[in-house]
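What follows is a set of notes on a single structure, which appears directly below.
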Amino acid sequence: MIKNSTPPAKSPVAAPLDSKSKKISWIRILGTLLALALLIYLIVEQGWQAVVDSLAQVSWPAFLGAFLLILLSRLATVGRWHVLLRSANVEIELRQSLRLVFAGLFSANFLPTTVGGDLVRFAGGVRLRLDTGVVAASLVMDRLVGMAGMATVLPFGLARFFSLPLAPWPSGKTLQQVALPASLARAAAWGQRQLGQLWQSLRRAVRLWISRPRQLLLAYLFTLGHMLTTFLTVWVIFQALGEPISFWWVAGLWSMGYFITLLPISINGLGVQEVALTYLFTNYGGVSLHSVLAMALLMRALPILASLPGAVFVPALLQPDKAAEKQA
């Protein structure tokens, strides 16, 4: 393995741990609470029983099929990051990448940041005595490849979005009538500044992998596998709910929701993802509100269930890897 005998340098991925990030953590907490409140408002407006009845329409075979697809999507993300690490000459085993990714996926459900899972993976890399700079850059590149994949199908969503007039909120009210407070708008402005900083990190990461086009292509193919299984999961759920929506509309509208969820204004996109998907699929996918709410809840629950193996790996990250200790 690549070792780093010097103390780990402060990396772009570790930045959320500094004092500056602590000052803005309240923005993510507030954003999560507000988004969840808006989601609950939509459910109440629609009626709890209607949403429960929709969830009951999903048969066990359909639920298990959706779960297996989500699990495959998670394994695809493992393959993507592992390829990036190996292409940068990091001698990490597949089982170690698997442990770190699932530990990150599990931790992301609770850490108050949109990159909480990346922090766990970075900490795991430090424990394995990997080159901290390369690990940090690989995490940035991992996100960049994922964004590039989603951007591939984004035109399908944008075409649908711009083909129709701006839709009102599902309850019949305008977006302005249910708009979040000005503090959240300020959080969005802060997010724009963060994107500028992220762009600088992306440029540094791209320089490291630009000379490895074959490995980048393989990582991109893993991303396509992740996307395909995710879109199929949503499509299967809608079919079980009796909603005949096109697969390509699912892909395009989900990608739009994905980029909205990237805004660092909630904990792991909690609430923001559900509200964004509700608005998009109801108004531009032609899906009934209760079906979209049921899908959004399932697409929150299924990834959490699929990340549960990571709970076994998180405690191990608190101790240095034994193999690494022997080589130290």
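A few comments on the model shown:
- Stretch gain in nm, segment A151-A37, where the contour uses 0.36 nm per residue and the Cα spacing is subtracted: 38.1 nm
- Size-normalised alpha-carbon gyration radius of the stretch 238-311, reference 2.2 N^0.38 Å: 1.12
- Computed from the C-beta positions of S59 and E93 and an R0 of 41 Å, the FRET efficiency is 0.60 to the nearest 0.05.
- Extended-chain gain in nm, criterion 0.36 nm per residue less alpha-carbon gap, Q49 and L224: 59.3 nm
- Fewest neighbouring Cβ atoms within 10 Å first, the residues R214, R127, R74, R99 line up as R214, R127, R74, R99.
- Put in order of Cβ neighbour count within 10 Å, fewest first, the listed residues D118, D131 become D131, D118.
- Residues M147, M141, sorted so that the one with the fewest Cβ neighbours within 10 Å comes first: M147, M141
Read the figures in this text as sums done on the coordinates, not as results from a lab. Since the structure is predicted, the reported quantities are computational estimates derived from the model, not experimental observations. A quick note on method: Cβ atoms are made from the backbone with ideal geometry, for glycine too, and the neighbour counts reach across all protein chains shown.
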